[in-house]
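The values are calculated or read from the model by the stated rules, or taken from the named source; none is laboratory data. Remember, it's a predicted structure, so these values are computed and weren't measured experimentally. So basically every Cβ, Gly included, is an ideal-geometry build from the backbone, and we count neighbours across all protein chains shown.
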Amino acid sequence: MLSENEIIEILRQDLKPKRFEHSLCVAREAKRLAAKYGADPEKAYLAGLVHDATKNHSTEKQLKIFERFGIILSDVEAGSEKLWHAISGAAVAKNVFGILDEEIISAIRCHTTAKANMTKLETVLYIADFTSCDRDYDDVDIMRTLADESLESALRYALCYMVKDLCERELAIHPDTLCAYNEILLRGKI
Ligand SMILES: [Fe+2]
Ligand SMILES: [Fe+2]
């Protein structure tokens with residue numbers, strides 16, 4: 001595995017300054033939430049640091065990564081370019097950065113769509129991406145308050161927010177997002 005400093009230098013080169021800052025902020029926030037809720041803080045930090053590693057890659061560069069690592073996109077994925085960086089990011093984290101911890105790779109892989117029954121680490125990264133210090137959107141204060149109260153209520157709010165937002169913008173909803181939404185709404189009820 002590359003050292004943390006080597007990874008940071010690659011990110012500094014590959015990401016726009018704002019996205020690089022965001023990565024550092026998500027890493028810190030993921031570490032904080034992990035410590036609070038009993039996930040591994042160091043794994044959370046690394047997942048946060050790397051989660052957007054390919055976010056500023058061109059379309060061609062993303063497609064090359066899919067080809068190189070034999071990744072076949074589903075129709076929804078192929079039609080939703082915003083989801084690509086989570087898929088290519090997980091591949092780069094594993095094969096280029098040499099991060100072999102499958103839970104970290106999986107957290108990166110599902111950080112845009114979420115999925116049903118996420119582990120604590122996966123949930124922590126998903127929420128940290130909403131609550132990191134650089135974030136500024138209408139509901140950010142509510143999200144930060146919820147994230148400090150309970151990981152589950154933060155996840156519930158984030159998924160409702162995502163599904164509503166995708167519907168309003170007439171964007172496709174990945175099946176994993178729908179499964180995550182249904183699972184959190186029904187958790188404890190069935
Ligand atoms: Fe992302
Ligand atoms: Fe992000």
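Of all residues in segment 98-126, those that are over 14 Å from ALA154 (Cα atoms) have Cβ atoms under 6 Å from Cβ atoms of residues that are in a loop (DSSP other than H, G, I, E, B) and within 11 Å of ligand 1 (Cβ to nearest atom), 6 or more apart or on another chain, in ILE108/HIS51; HIS111/HIS51. Of the set (1) within 12 Å of ligand 1 (Cβ to nearest atom); (2) part of a helix (DSSP H, G or I), all apply to HIS111 but (2).
The criterion of being surrounded by 15 or more Cβ atoms within 10 Å (Cβ to Cβ), touching a residue at least 12 places away in the same chain (Cβ under 8 Å) and more than 16 Å from ligand 1 (Cβ to nearest atom) holds for ASP40. For segment 122-136, the set of residues classified as within 14 Å of ligand 1 (Cβ to nearest atom), closer than 15 Å to LEU49 by Cβ and assigned to a helix (DSSP H, G or I) consists of LEU125, ALA128, ASP129, listed by residue number. When we screen GLU81, GLU77 for residues that are closer than 17 Å to GLN62 by Cβ, exposed (fewer than 13 other Cβ atoms within 10 Å of the Cβ) and among the charged types (D, E, K, R), the only hit is GLU81. Here is a check on your reading of the model: is LYS64 surrounded by fewer than 16 Cβ atoms within 10 Å (Cβ to Cβ), within 16 Å of ligand 2 (Cβ to nearest atom) and assigned to a helix (DSSP H, G or I)? Criteria not met by LYS64. With respect to the conditions (1) assigned to a helix (DSSP H, G or I); (2) surrounded by 20 or more Cβ atoms within 10 Å (Cβ to Cβ), THR54 falls short on a single one, namely (1). Checked against (1) farther than 16 Å from HIS51 by Cβ; (2) in contact with a helix residue (DSSP H, G or I) (Cβ under 8 Å, 6 or more places away or on another chain); (3) acidic (Asp, Glu), GLU149 passes all but condition (2). Here ALA172 clears all of (1) out of contact with any Ser or Thr (no Cβ under 8 Å at 6 or more places or on another chain); (2) modelled with pLDDT of 95 or more; (3) surrounded by 13 or more Cβ atoms within 10 Å (Cβ to Cβ) except the condition numbered (1). Within segment 179-190, being crowded, with 16+ Cβ neighbours inside 10 Å and either under 19 Å from SER80 (Cβ atoms) or of a type outside the set (A, V, I, L, M) (or both) holds for ALA180, TYR181, GLU183. Selection of first residues in segment 11-23 that are farther than 19 Å from TYR126 by Cα and of second residues that are of a type in the set (S, T, N, Q) and modelled with pLDDT of 95 or more, restricted to Cβ pairs under 7 Å at least 6 apart or on distinct chains, gives the following pairs, ordered by first then second residue: LEU11/SER23; ASP14/ASN56; LEU15/SER23; LEU15/ASN56; LYS16/ASN56. For segment 149-166, the condition holds for at least one residue, the condition being that it is without any contact (Cβ under 8 Å) to a residue 60 or more places away in the chain and of a type in the set (S, T, N, Q).
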